[in-house]
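Input: a single structure, listed below in structure tokens.
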Amino acid sequence: MYFARPIADEEGFQQYVDSVLPLIEKTGARNLLVDTKPLVLEGDRGTRTLVIHEYPSKEAVEEIWNSEEYQPLKELRRHYFTVKVVVGEA
């Protein structure tokens, strides 16, 4: 899972991160990359943070994405920053 996001509010972002990390870890996922100064070669140069998570499967991503626990966090995330979420599989 890939996230690229301009962050509107650092404190709100941190609140989201602190809340969502235990949920991500619960699915067996892990952070592969967190880069606060990504090199944008093309597209929106407003991207301030690049995050790549590794999940065991696409099903695990869907499980967390649609879970009851994640819904309030999704709203929190939408309030403080915009994301582009892309899920791929090797």
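For ASN31, neighbours were defined as the other residues whose beta-carbon sits under 12 Å from its Cβ, and their charges (Lys and Arg +1, Asp and Glu -1) total -2.
The sum of -39500 (n - 2.57) across all DSSP H runs of n ≥ 4, divided by the residue count of the chain, sets its helix-only mean residue ellipticity at 222 nm to -13000 deg cm²/dmol.
Using the Cβ of TYR80 as centre and a radius below 9 Å, the other residues enclosed give a net charge of -1, where K and R count +1 and D and E count -1.
Per-residue extension of 0.36 nm, minus the Cα-Cα distance of SER19 and LEU41, leaves a gain of 4.8 nm for this segment. Partners of LYS26 within straight-line reach, counting lysines whose Cα lies under 20 Å from its Cα and excluding those fewer than 8 residues away in the same chain: LYS58, LYS74.
Bear in mind that the values in this text are calculations on the coordinates, not laboratory data. Small disclaimer: the values here were computed from a predicted structure and weren't measured. Virtual Cβ from ideal backbone geometry, glycine too; neighbours counted across all protein chains shown.
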